Amino acid sequence: MRFLGNIEAKADAKGRAFLPAVFRKVLQASGEENLVLRKDIFQQCLVLFPESVWNQRVDLLKSQLKQWKPTHQQILRQFVSEAEVVSLDGNGRFLISKRLQRMANLEQDLQFIGVDDTIEIWSPQRLKESLKTDEEFGAALEDIMNTDNAQ
């Protein structure tokens with residue numbers, strides 16, 4: 001399952017937003033019904049995970065942690081405790097809690113970005129601030145793609 005697109009949307013006063021139809025179609029085609037929403041670890045945006053993808057990420061994290069190490073327990077606790085299960089209503093809307101809205105500095109205007117197997121939800125202004133210029137992006141991509149893997 002791969003999400004692709006950059007779609008502008010709006011949330012209503014209660015924090016409900018329509019999941020863009022192009023993303024709903026991908027979910028339906030892959031048989032996904034449940035979603036998990038949490039703040040991104042590095043950026044000031046939210047990440048919407050199909051449940052199967054969320055479970056893979058949690059399993060991957062757990063495989064790297066030692067159960068009897070307090071710092072590792074804290075990492076797992078914080079990762080999962082900041083997540084919320086969300087579901088789409090009959091119209092394709094879902095609720096973004098006030099807590100998550102504050103964490104990602106979201107207001108009424110939203111930007112949905114398909115990023116491989118997840119969907120990011122941004123404040124349009126924050127997204128604009130986070131992106132590289134075309135020149136910076138080209139140089140960074142060139143650097144990554146031309147890196148000798150033998151090193």
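Entry remark, the stretch 2-34: residues being touching a strand residue (DSSP E or B) at 6+ places or on another chain (Cβ under 8 Å) and assigned to a helix (DSSP H, G or I) number 4 in total.
This table checks each residue for (1) without any contact (Cβ under 8 Å) to a residue 12 or more places away in the chain; (2) over 20 Å from ARG2 (Cα atoms); (3) among the β-branched types (Val, Ile, Thr); (4) not in a helix (DSSP H, G or I).
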position: ASN91; (1), (2), (3), (4): no, yes, no, yes
position: GLN101; (1), (2), (3), (4): no, yes, no, no
position: GLY114; (1), (2), (3), (4): no, no, no, yes
position: ILE121; (1), (2), (3), (4): no, no, yes, yes
position: GLN125; (1), (2), (3), (4): yes, yes, no, no
position: GLU129; (1), (2), (3), (4): yes, yes, no, no
position: LYS132; (1), (2), (3), (4): yes, yes, no, yes
position: GLU135; (1), (2), (3), (4): yes, yes, no, no
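None of the figures in this text is laboratory data; all of them are computed from the coordinates on show. The structure displayed is predicted, hence computed values, not measured ones. No Cβ is skipped: glycine too gets one built from the backbone with ideal geometry, and neighbour counts run over all protein chains shown.
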